[in-house]
């Protein structure tokens, strides 16, 4: 079957670094996405990994290991506005079908 | 450049009725995806349209259907509404058949009473 696991909730301190992990089991692999979703709003695209390694984009970085079925999203210099849900999603053998994890709700405290 | 738009913002229906939700993709995008996000649950893939054809669908009953028009806008129809259909319905578009980036609309909040 297809499955994506990520922690339900995390808490971190403003200015710190947090790593949100995602493990997946899918039939085939065509890329992994991270989205940010603030409460009551639509998700917004953060990153896309299709090859192993680290992709850095400002304060956000995303890592992928295809052999381990593992990814993480790294957020640096946390700001209060980073409080949101972070969704891990995988495009499997059928590129048209993207499977989303349930999301990790990240709370930032001062 | 305008983003993905959806209408209506909110929709209230009673059980057994039909609901029609609409989506306009970003200009130049040919693929439209529909997702359901029930309260407290993750995004569930519903349907994918590209170039006017249904390319794939998720694990939803046939009463969830839709279509894509020549201008690439799309419609999601839900027949015989059930209480558990109450959810946020999100539409996303991407540039082509490879969903490297999907851009989401603001969603339609459907409430079934």
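Structure notes:
- Simple label model, 7 Å out from Cα along Cβ direction - residue B:69 to residue A:11, nm: 4.9
- Within a Gaussian network of chain A (alpha carbon springs, distance under 10 Å), most fluctuating of A:91, A:62, A:71: A:91
- Fewest-first ordering of A:85, A:27 by other beta carbons within 10 Å of each residue's beta carbon gives A:27, A:85.
- Normalising the average separation of contacting C-alpha pairs (under 8 angstrom, six or more residues apart) by the number of residues puts the relative contact order of chain A at 37 percent.
- Size of chain B as Cα extents on the principal axes (Å, biggest first): 37, 26, 25
- Alpha-carbon centroids, the stretch A:37-110 and the stretch B:45-73: separation in whole Å: 26
- Gyration tensor verdict on the stretch A:31-110 (Cα atoms; rounded if a/c is under 1.5, prolate if a/b is larger than b/c, oblate otherwise): oblate
- The relative contact order of chain B comes to 37 percent, based on Cα pairs under 8 Å that sit 6 or more residues apart.
- At R0 = 30 Å, FRET efficiency that the Cβ-Cβ distance of residue B:38 and residue B:96 yields, to 0.05: 0.55
- Taking label points 7 Å from Cα along the Cα-to-Cβ direction, residue A:79 and residue A:56 give a separation of 1.9 nm.
- Sorted by Cβ density within 10 Å, fewest first, the residues A:57, A:76: A:57, A:76
- Taking other C-beta atoms within 10 angstrom as a stand-in for reagent exposure, A:100, A:33 fall in the order A:100, A:33, fewest first.
- Considering only A:58, A:28, A:15, the Gaussian network model of chain A with Cα springs below 10 Å gives its largest mean-square fluctuation to A:58.
Each reported figure results from applying straightforward, stated rules to the coordinates on display, with no laboratory input. Bear in mind that the values here come from a model prediction, so they are computed numbers and not experimental data. Cβ coordinates were reconstructed from backbone atoms using ideal geometry, including for glycine residues, and neighbour counts include every protein chain displayed.
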